[in-house]
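**Q** I'd like to ask you about the structure that follows.
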Amino acid sequence: MNKHNFFVPDEHLPRYDFLTYCQNVIIDILKYADNHKLSNVKIDFNETDFEVFKKISEQEDKEYTCDWLLQSEYKDVFLEYHKKHLFFSLLRDFYNYYSASLENITKLNISVAWSLLRRPLQETLAYIEWLTVNGDELVNLMLQSKEAKEYDISNRKKFGQKIEDNITELLGESFVASSAINIYDFRYSMTSETSLNGILNGANHLVVNRSNSFKTSPSGLNFVFLDGQEFENGLGLYYTSLPYVMFYAINIITKVFAEIAELNTYTIIMNSYNTLLKNFKALGSMSLKDALDFIDVDVPIICPRCGKKMTKEKYFQQFSYNKVRCPRCLHTINTFSYMFDFEKIEVVNTNDDKTDGE
């Protein structure tokens, strides 16, 4: 084990690095949202409606105020505010549990690390998916339902098909569609021992005997006698499966964020390339050259300080790790995060005279 990387076995370091990159991206997004007050919206009331709204608000009847806005011409703006607020609130919840899980896996607290993934992967992410596919439906249910059970995503009998449909729709827009694991089955299957449900049964209970699919072996206690093969299996499955799910999750999260923040096209493209390259590097499924060909990279890395365009493979090699340095002005771009460096770059033209020539 490498002592400089907590207790992460060397063979899992590339995937741990990708999981840490995902963690950094989420916290960067949350900080940006707070600093730029992205949840805020402005309602342009006419004079009459403003006076009505002021009187209603003074009554401190939140439900009545909500109903009035939903039935008014300002409904769309009101829903937009709630969708933004809900997205960033869910994202913070996801981050808290995901980060705690990542911290525990580096301490080899395997059962705790797995247990902490139930809420973010089975519930929080499911709400983010729902919000992405049909945000108006979710927000309307939350604002107008008399009981929370009307939108309780943990009710698989009621919402299981919706979760699966949402995942299918979102996978249609993602490279994860051809990944080595089934995103829905991994998170929700009740028959596979290596699904999240199967692992959580062992992580949360010392003995499981109610299901043939998840059953404690004779003379055993789940995740207590962690030695040899059982230890390697628990640790290996974490680093094998979670990068696929997080690649899928980060694609959704960054897409929604970019739309809310109204980021420019080049910023969106370069962050998308960054996630893809880091994922391919972590999985070791192909060379950098093959990865660049596969994702069809057709734009250069542009230095935000001097405008130099870097097109050679060696710069994308640096880019796929944690930073790339401009050979002209020596400005360094941190790529182990969500990159806002390119926000002032509006037009990308690969045929000018500022491309790299060395």
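**Q** Using R₀ = 35 Å, calculate the FRET efficiency as 1/(1 + (r/R₀)^6) where r is the Cβ-Cβ separation of Lys149 and Glu313; round to 0.05.
**A** 0.05
**Q** Something else now. Residue separation times 0.36 nm, minus the C-alpha to C-alpha distance between Thr20 and His331: what's the value?
**A** So the chain would gain 109.6 nm between Thr20 and His331.
**Q** Round to a whole angstrom and tell me the spacing of the C-alpha centers of the range 120-176 and the range 77-102.
**A** Using only Cα atoms to place each centre, the spacing works out to 14 Å.
**Q** Counting Lys +1, Arg +1, Asp -1, Glu -1, what net charge surrounds Ser115 among other residues with beta carbon under 15 Å of its beta carbon?
**A** Its environment carries a net charge of +2.
**Q** Which length gain, in nm to one decimal place, applies between Thr48 and Ser99 when the Cα-Cα distance is subtracted from 0.36 nm times their residue separation?
**A** Result: 13.5 nm gained on full extension.
**Q** Looking at the square roots a ≥ b ≥ c of the eigenvalues of the Cα gyration tensor of the range 238-329, which shape do they give, rounded for a/c under 1.5, prolate if a/b is larger than b/c, or oblate?
**A** Oblate, because a/c is 1.5 or more while a/b does not exceed b/c.
**Q** While we're here: Counting only other residues whose beta carbon sits under 13 Å from that of Asn264, what net charge do I get with K and R as +1, D and E as -1?
**A** -4
**Q** Could you give the length gained on full extension between Gln161 and Asn40, defined as 0.36 nm per residue of separation minus the Cα-Cα distance, in nm?
**A** 40.3 nm
**Q** Something else: Packing-wise, with mean Cβ within 10 Å as the measure, how do 38-46, 251-259 rank, highest first?
**A** 251-259, 38-46
**Q** Another one. Can you tally the lysine pairs in the range 219-343 where the Cα-Cα distance is under 20 Å and the two residues are eight or more apart, or on different chains?
**A** 17
Laboratory data are not the source of any read-out in this text; all were calculated from the coordinates shown. Here the structure is a predicted model, which is why all the values come from computation and not from measurement. Here the Cβ is made from the backbone with ideal geometry for all residues, glycine too, and neighbour counts use every protein chain on show.
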